[in-house]
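Since the structure comes first, as structure tokens, the remarks are kept for the end.
The values are calculated or read from the model by the stated rules, or taken from the named source; none is laboratory data. None of the values given here were measured: they were computed from a predicted structure. Cβ: placed from backbone, ideal geometry, glycine included. Neighbour counts: every protein chain shown.
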Amino acid sequence: MKNRAQQSQDSVVEFTRNTDAVDADFSHVRGEEVFGKLLRRYPADAESLRRASQRLKGDPNYGPAMHRVAQSLHENRIRAFISYREGVDADAARAVADVFRELSAGRVTVTLADEYTERIPGRDFKLETESAIKTAHWFIYLVSESRDPSAWCMYETGMFRASTTSPRVERLICIYHPAANPPSVVDELHAVKANVMQLERFLDGLFRKADPLPGWEPLNAQLKDESIAFAATRIANAFRPPRKPVAYNYPLTLDVQDPERLNAASDLATCAIETDQVTADLFGKAVVPRTWGALISNVLESSASEKWLEELVWVIRRASAGDAFRPISGTFESSHAGRVMRPVVHSMEHDGVGNQYRFHLFFLEEISSAPVHNIPPKVLALLTAVRMNTRIRWEVVQRFMNAQLSRAEIEACAKAFGRIEREGAAFGRWDIELLCSNYGKAVQKEIRDLVHRWRELRDPQLGSLGAGLKLCEVERVRQGLRECHELNRRFFELTFPIFFEVTRAEINA
């Protein structure tokens, strides 16, 4: 058996000429043994290595960190990688790269995607990027937009952090536009606001102070203040100001649990919402409510509000089931007197697993129609019929009656009918008897016949116009338009005298 002294001696690593080779691996060596090895390998950098060892003393990754520092000193260069959003911060990236190279007199080598020399189709630049990141001592992350951080930049940042040996050797620096907020991922790291004063301080410390990497002398101690100021101004001016979002509509996010359970508009009352004060003011709220029911309580006082709420429930159910849906046509009058709004379901969020859905809504100002007040029901039925027939006359008959009726024109005609009929649906189902009550008994039968004939004409299965539009059959569409024209003309002949009497009576009253 060997004694303890012999065992201790056997555990000592002997540094032979082979292990002194530049490419030799001694990652298993720790502590002072690493320092001695590096001194023998790089004798010209002995003083710098001693200072680096003092700065890294006690570092958990002392060995790998010293190895990286020694390689950097031997090569006489510091490697920097610039991460940025291409097409947004490319000018700023080039300015930073140029400044680093010039102020360091070429001792800082910079990698940025815009300068990849061989853009060959099919080449995997991801591998080239990963290699540059893993060998970088400085990682410079540029940010001018904070609303939507680049996923690729976040990936590059994560890769650099995973490959670092010691925060005392590798630096992760975020330079951001003064009007932007750096992502939370770099909150605890070195963040530099891209204004001239802070950039001057940053560049001064980087190039005129000792230890830009542990053990390094200043990269350029002779730099003049004027050169630093010029470089800082150049970088600051290269950053593009962040885009300022301007909202033209009123946004709201609605959280719905189990949308398929919705049966009535009241089922949405307890759903949580997220919105701003501008939207809350639209509903007459001085403080932003937390639930949908609290938000719309004021507009519920009007019975005219029921239609848009019913449509909203229908759309939410359709969307959550993965089905297509038509736009909401119902409207409501906001707290701003006379201002009429229409909801639009803009988008939906769902993880594909749970029952929690988030619907993003906008409220658009509606100028084509408005809730009606104090209009007798029979007069409202007449006004609705006149409006719909007026639209049919000018948006359908006038446009397509004498057209060639190509497939595109037939499709456009069908869409025109769809727009008109969706507006008609917003007023509820048409009551034929209520409409006929505006006419004398001698005319009522003909009005009924006109309405029934119109419904037959628009029938998508049997009607010459409805089926013709659906099947894109030119002759059936042409025949249907001729009949549509005649029905439209006759309606106005019967209605204009009645309409005149109704308006005159209203004025005289």
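Counting only helices (runs of 4 or more DSSP H) that fall entirely inside the stretch 390-509 and contain at least 2 residues that are outside the structural domain of Thr331 (by TED's automatic domain parsing) and in contact with a Gly (Cβ under 7 Å, 6 or more places away or on another chain), the qualifying elements are 441-457, 464-471, 474-508.
Would you say Ala236 is in a helix (DSSP H, G or I), within 28 Å of the chain's Cα centre (by Cα), at pLDDT 95 or above and small (Gly, Ala, Ser)?
yes
Being under 17 Å from Thr390 (Cα atoms), buried (at least 16 other Cβ atoms within 10 Å of the Cβ) and out of contact with any strand residue (DSSP E or B) (no Cβ under 6 Å at 6 or more places or on another chain) is a description that applies to Leu435.
Within the stretch 96-120, being surrounded by 20 or more Cβ atoms within 10 Å (Cβ to Cβ), under 29 Å from the mean Cα position of the chain (by Cα) and in a helix (DSSP H, G or I) holds for one residue alone: Val96. Residue pairs whose Cβ atoms lie under 6 Å apart, separated by 6 or more positions or on different chains, with the first residue in the stretch 342-359 and touching a residue at least 24 places away in the same chain (Cβ under 8 Å) and the second part of a loop (DSSP other than H, G, I, E, B), are Arg342/Thr331; Arg342/Glu366; Pro343/Ile328; Asn355/Asp258; Tyr357/His350. For the stretch 52-83, which positions are in contact with a helix residue (DSSP H, G or I) (Cβ under 8 Å, 6 or more places away or on another chain) and of a type in the set (S, T, N, Q)? Answer for the stretch 52-83, where residues must be in contact with a helix residue (DSSP H, G or I) (Cβ under 8 Å, 6 or more places away or on another chain) and of a type in the set (S, T, N, Q): Ser53, Ser83.
Considering only the stretch 139-152, state which residues are outside any loop (DSSP other than H, G, I, E, B) and either modelled with pLDDT under 90 or touching a helix residue (DSSP H, G or I) at 6+ places or on another chain (Cβ under 7 Å) (or both).
Result: Phe139, Ile140, Tyr141, Leu142, Ala151, Trp152.
What residue, of Ala403, Ala425, is of a type in the set (Gly, Ala, Ser) and at pLDDT below 90? Testing whether each residue is of a type in the set (Gly, Ala, Ser) and at pLDDT below 90 leaves just Ala425. Among the residues of the stretch 168-191, those identified as modelled with pLDDT of 90 or more and either under 20 Å from Arg234 (Cβ atoms) or surrounded by fewer than 16 Cβ atoms within 10 Å (Cβ to Cβ) (or both) are Ile173, Cys174, Ile175, Tyr176, His177, Pro178. When the stretch 240-253 is filtered for residues that are at pLDDT 95 or above and buried (at least 16 other Cβ atoms within 10 Å of the Cβ), only Leu252 remains.
I need the full set of residues from the stretch 36-74 which are surrounded by fewer than 20 Cβ atoms within 10 Å (Cβ to Cβ), within 46 Å of the chain's Cα centre (by Cα) and either in the same structural domain as Tyr141 (by TED's automatic domain parsing) or among the polar types (S, T, N, Q) (or both), in order please. Of everything in the stretch 36-74, those that are surrounded by fewer than 20 Cβ atoms within 10 Å (Cβ to Cβ), within 46 Å of the chain's Cα centre (by Cα) and either in the same structural domain as Tyr141 (by TED's automatic domain parsing) or among the polar types (S, T, N, Q) (or both) turn out to be Asn61, Gln71.
Being of a type in the set (Phe, Trp, Tyr) and surrounded by fewer than 16 Cβ atoms within 10 Å (Cβ to Cβ) is a property that Phe499 lacks.
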